[in-house]
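Participant: I have a structure I would like to understand better, so I am pasting it below and will then ask my questions one at a time.
The values are calculated or read from the model by the stated rules, or taken from the named source; none is laboratory data. All figures in this text were calculated on a predicted structure; none of them were measured in a lab. Virtual Cβ from ideal backbone geometry, glycine too; neighbours counted across all protein chains shown.
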Amino acid sequence: MSTLLEFIVSQRWLFAIFLLPISFFYDIYWYLRSKWVLYQGSAPRKHQERVDFVQKQVLDWQKFGDGRKMCTARPTWMSISQQKITYKDKAYRVQINLMDILEINEEKKYVRCEPMVSVQRLFEALQAKGFTVPIVPEIGDLTIGGLVMGGGLESTSHKYGLWQNICLKYELVLADGSITTCTRDENSDLFYAIPWSYGTLGFLTAVDLLIIPLKPYVKLVYQPTYSLQETMDVFIRETKKDVTKLEVVDENDNDSVEGIMFTKDTAVVMTGTFVDNYESGKLNRMGLWYKPWFYKHVETYLKSGPGVEYVPTQDFFFRHNKPFYWLTHIWVPFGHNVIFRYLFGWLLPYNFGLLKKIREACVPEEATNNMVVQDFGFPLGYLKKAIEFFHEQVEVYPIWLCPAKAMDTGPVNALKDESKESIHIDVGLYGYSPKPDYNADKTLKTMEKFARDNAGYQGLYAETLMTKEEFMEMFDGSLYLKVRKSLPLCEEAFPEVYDKVSKLGRK
Ligand SMILES: Cc1cc2nc3c(=O)[nH]c(=O)nc-3n(C[C@H](O)[C@H](O)[C@H](O)COP(=O)(O)OP(=O)(O)OC[C@H]3O[C@@H](n4cnc5c(N)ncnc54)[C@H](O)[C@@H]3O)c2cc1C
């Protein structure tokens, strides 16, 4: 490493400090901008006008596209992903200025919204009416469109499945300029092919999502474990408490299950139940700016033993926002320090997109070579083997464990999983590998092979080095390819998923 590069990497906190107010004001700018856009054009009745504009751009592509593929015009650095997205430079970009919540139907229990609505905004709008979507991915800036086309899950997913499982209806503009809708019963092939299609079947203009009544607090139970076997036993027991019901909540069931492994042998398994009240003296408003970062707070239970507390539901849903799981400390190593939190904690979270932009501009790729940001899913029965494997390969801790019910739509269904396991576990690896002589590409390929050999799959927001054959071995693309063929102009208009999301495919 050159001396300058070493300086940049070792003193990155200096950049991070300057970045903190920039990120804060930048977020305010985007907040005010979206308010202005909404003020100017907001109104559910204007939805059709906005869809017409998407349609017009697609029709223009047919005349002026010059053989280019289409994609959304959203700047690549705004995407919550580690990928170096380069395809947009050469593509025909279509503006999707759709950021409105169109209808909250309390009687029929759905919310209809446009794709650029963020998770945070959707949650706040529903909360005001006493509702929530059953799955609230923890990063507030994620967009509904990104979650539909990309994929998502949360610690309630052991009950409700992946993000696509709470989707009831999609509205899309297709490559021929037509507007279509699909549900599980109507146009169902398209409906089932949308999740994880990464915008390669059409442009999403609206989605109907299931909503459920919101309870104001979560009763959180922390169970520390001190060996890998104990972690597996507790995690599997708690996960399996409810895998069958969709909406009925039994008091003995867990509404939420997640695990954080701090080392191979130490972890804390957390189970949550949504409740109306809290026991006095046990309320933790963990969303307040000076409060310890969630994973740091969780770690204390390894010393103190099992515990119970009550958390406001909003604070709970966005618990990983400020520390961005455990990635913020890479930029601000002292960010968790109590003085820093009291003085500057209110400036967090960092804007992920801005951090990504600065990293891409200032930090050369080799400096982040041993940085791992990957999610792999495995059927529950393969979890222990997977943890042992990742320990040997990357030794990145903490590890996030999040169970998801395997349901009828999307890639989990399309996986070549012979085990027919009803629960899959997302294993989130975020951080630097301490392994000496760590070879990023070689290790990633080894991890991808391990996933393919063990009924697993890779989160496609992350970098993948699989060849197309390996990709098709991991995912069953038959329905997706059939739908692409059947939709007019689709194959000319959009690249295949593999060509969009993989490093080799993008070359
Ligand atoms: C460290 C880390 C942790 C994460 N943790 C979680 C987690 O806990 N839970 C979770 O659910 N996810 C998590 N994610 C992943 C995240 O869900 C995905 O990256 C998500 O797809 C990105 O959403 P986005 O809003 O940034 O969408 P984008 O990246 O902008 O979009 C995703 C894809 O959808 C396409 N698309 C978007 N809108 C449209 C549209 N209107 N029409 C057609 N195509 C469209 C885009 O072209 C792109 O291909 C994590 C990611 C990281 C980096």
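Participant: Against the definition (under 22 Å from the mean Cα position of the chain (by Cα), assigned by TED's automatic domain parsing to the domain that holds residue 385 and either at pLDDT 90 or above or surrounded by fewer than 18 Cβ atoms within 10 Å (Cβ to Cβ) (or both)), how does residue 463 come out, yes or no?
Facilitator: no
Participant: Okay, moving on. Given the conditions (1) among the small types (Gly, Ala, Ser); (2) within 16 Å of residue 373 (Cα to Cα); (3) buried (at least 19 other Cβ atoms within 10 Å of the Cβ), and given that residue 456 satisfies all but one, which numbered condition is not satisfied?
Facilitator: Only one criterion in (1) among the small types (Gly, Ala, Ser); (2) within 16 Å of residue 373 (Cα to Cα); (3) buried (at least 19 other Cβ atoms within 10 Å of the Cβ) is unmet by residue 456, namely (2).
Participant: Every residue in segment 116-135 that is under 24 Å from residue 220 (Cβ atoms) and in contact with an Asp or Glu (Cβ under 6 Å, 6 or more places away or on another chain), please.
Facilitator: 135
Participant: Here is a follow-up. Test of understanding: among 42, 81, 118, which residue is at pLDDT below 90, within 21 Å of residue 151 (Cβ to Cβ) and hydroxyl-bearing (Ser, Thr, Tyr)?
Facilitator: 81
Participant: Consider residue 345 against the criteria (1) at pLDDT below 95; (2) farther than 29 Å from residue 215 by Cα; (3) not in a loop (DSSP other than H, G, I, E, B): it satisfies all of them except one. Which criterion is unmet?
Facilitator: Residue 345 satisfies all of (1) at pLDDT below 95; (2) farther than 29 Å from residue 215 by Cα; (3) not in a loop (DSSP other than H, G, I, E, B) except (2).
Participant: Search segment 184-216 for residues being among the hydroxyl-bearing types (Ser, Thr, Tyr) and either within 16 Å of residue 113 (Cβ to Cβ) or within 12 Å of the ligand (Cβ to nearest atom) (or both), and hand back the single one that is surrounded by the fewest Cβ atoms within 10 Å (Cβ to Cβ).
Facilitator: Among those residues, the one meeting the criterion is 198.
Participant: Identify, please: which residue in segment 128-151 is within 21 Å of residue 427 (Cβ to Cβ) and without any contact (Cβ under 8 Å) to a residue 60 or more places away in the chain and is, among those, farthest from the ligand (Cβ to nearest atom)?
Facilitator: This residue is 135.
Participant: Residue check: is residue 127 over 29 Å from residue 69 (Cβ atoms) and at pLDDT 95 or above?
Facilitator: It is true that residue 127 is over 29 Å from residue 69 (Cβ atoms) and at pLDDT 95 or above.
Participant: Here's another thing I want to ask about it. Restrict the check to segment 299-310 and report whether at least one residue is within 15 Å of residue 270 (Cα to Cα), part of a helix (DSSP H, G or I), within 16 Å of the ligand (Cβ to nearest atom) and at pLDDT 95 or above.
Facilitator: Checking segment 299-310: not a single residue is within 15 Å of residue 270 (Cα to Cα), part of a helix (DSSP H, G or I), within 16 Å of the ligand (Cβ to nearest atom) and at pLDDT 95 or above.
Yes/no per residue for (1) more than 9 Å from the ligand (Cβ to nearest atom); (2) farther than 30 Å from residue 56 by Cα; (3) assigned to a strand (DSSP E or B):
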| position | (1), (2), (3) |
| --- | --- |
| 122 | yes, no, no |
| 126 | yes, yes, no |
| 153 | no, yes, no |
| 158 | yes, yes, no |
| 164 | yes, no, no |
| 168 | yes, no, yes |
| 172 | no, no, yes |
| 177 | yes, no, no |
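Participant: Could you tell me which numbered condition residue 25 fails, if it satisfies all but one of (1) of a type in the set (A, V, I, L, M, F, W, C); (2) surrounded by fewer than 15 Cβ atoms within 10 Å (Cβ to Cβ); (3) modelled with pLDDT under 80?
Facilitator: (3) is the only condition that residue 25 fails.
Participant: Follow-up question, since we're still on this one. Picking from 382, 397, 430, which residue would you name as being modelled with pLDDT of 90 or more and in a loop (DSSP other than H, G, I, E, B)?
Facilitator: Within the list 382, 397, 430, the selection yields 397.
Participant: Hey, can you tell me all the residues within segment 300-323 that are more than 25 Å from residue 275 (Cβ to Cβ) and touching a strand residue (DSSP E or B) at 6+ places or on another chain (Cβ under 8 Å)?
Facilitator: Hit for segment 300-323 is 302, nothing else.
Participant: Being surrounded by 23 or more Cβ atoms within 10 Å (Cβ to Cβ) and touching a Phe, Trp or Tyr at 6+ places or on another chain (Cβ under 6 Å) is the filter here; which residues of segment 137-150 pass it?
Facilitator: Correct list: 147, 149.
Participant: Please specify each residue of segment 179-189 satisfying the condition of being more than 21 Å from residue 108 (Cβ to Cβ) and assigned to a strand (DSSP E or B).
Facilitator: Once the filter is applied, which keeps residues that are more than 21 Å from residue 108 (Cβ to Cβ) and assigned to a strand (DSSP E or B), segment 179-189 yields 179, 180.
Participant: Also, I was wondering about something else. Kindly indicate the residue of segment 311-339 that is within 14 Å of the ligand (Cβ to nearest atom) and among the hydroxyl-bearing types (Ser, Thr, Tyr) and also surrounded by the fewest Cβ atoms within 10 Å (Cβ to Cβ) among those meeting that condition.
Facilitator: For segment 311-339, the residue satisfying everything is 325.
Participant: If we keep just the residues of segment 282-298 that are in a loop (DSSP other than H, G, I, E, B) and aliphatic (A, V, I, L, M), which is nearest to the ligand (Cβ to nearest atom)?
Facilitator: Taking the candidates together, the pick is 286.
Participant: Let me ask something else. Looking at 48, 95, 62 in this structure, which one is at pLDDT 90 or above, surrounded by fewer than 16 Cβ atoms within 10 Å (Cβ to Cβ), among the polar types (S, T, N, Q) and within 11 Å of the ligand (Cβ to nearest atom)?
Facilitator: Matching residue, one of 48, 95, 62: 95.
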